[in-house]
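What follows is a short report on a single structure.
The values are calculated or read from the model by the stated rules, or taken from the named source; none is laboratory data. The structure presented is a predicted model; accordingly, all values stated were derived computationally and were not measured. In this analysis, Cβ positions are derived from the backbone assuming ideal geometry, glycine residues included, and neighbour counts consider all displayed protein chains.
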Amino acid sequence: MRTPRWPLLFAALALVLGYFWVYRLPEVAMVGMNYYSDFCLGSVLFCLFVAARGAQLLVGNWCASRLGVNPGAFPSRRLWPWLLAITAGTYLMVAFELPLRVSFSLSRSALDRIADEALADPDNAHRLAGRLAGLYQIAGVKVLGKTVVLYLGKNGGSYGFVRVPRATTDVIYNRPRSENDPQNHRDFPRDEGFPDPKGSRIRGDWFVMYSSYWRVKVGWS
């Protein structure tokens, strides 16, 4: 009859951890279309939590009436402020790419070690595929000059992280006839499985690689 809130809050927190795990990947966090579909899914799940809370209260009141007890004698702690805070926090976490940035920070030392191994033996860099680097599994490795590309994802990877020592701008790419553009970098991947690859600085010499075509297509810059 107290209709405890902790089961629903536990389920909501588990959902937050699930979103964090999925959005740690560049292929999810850096493509805006995921935000729209997951927003709709999150809205449905939020409504399910609301419905579950309503069912809790109804059952509690029914039990109280059957036993002839005043429902007010077993006050239920408020769920709504906590649920709204969790929902808003999840939205902000995803919108500001916190899962990606936190996961990269936790994995950076391991990513650096793999990048150093690749630079030490570029001809065998591809053999580093399959290695774990913190919270990520490396799907492919390529060395371009002093640049090391660590692909993540399926089929050798498309998105991923790129360590570019000599980059001077926070956004880089490699496009034909753009040699005089300061953002153009000749050692950055070009058309690696998806249109118009671009890198955005995430920390130090590291860039997260994504398709600027898909980000612009769905309205994210």
Tell me which residues, restricted to the range 141-177, are among the small types (Gly, Ala, Ser) and at positive phi. 145, 153, 156, 157, 160
Just one of the numbered conditions (1) within 24 Å of residue 198 (Cβ to Cβ); (2) within 17 Å of the chain's Cα centre (by Cα) is not true of residue 115; which one? (2)
Among (1) under 20 Å from residue 27 (Cα atoms); (2) touching a residue at least 12 places away in the same chain (Cβ under 8 Å); (3) not in a helix (DSSP H, G or I) - the single one residue 130 does not satisfy: (2)
Out of the residues in the range 141-167 that are touching a His at 6+ places or on another chain (Cβ under 9 Å) and at pLDDT below 90, state the one that is farthest from residue 203 (Cα to Cα). 166
Out of 110, 118, 133, 129, which single residue is farther than 25 Å from residue 22 by Cβ and aliphatic (A, V, I, L, M)? 118
Just checking, does the range 195-207 include any residue being among the aromatic types (Phe, Trp, Tyr) and modelled with pLDDT under 95? no
Assuming residue 77 fulfils every condition listed in (1) basic (Lys, Arg); (2) modelled with pLDDT of 80 or more; (3) part of a loop (DSSP other than H, G, I, E, B) apart from one, which condition is it? (2)
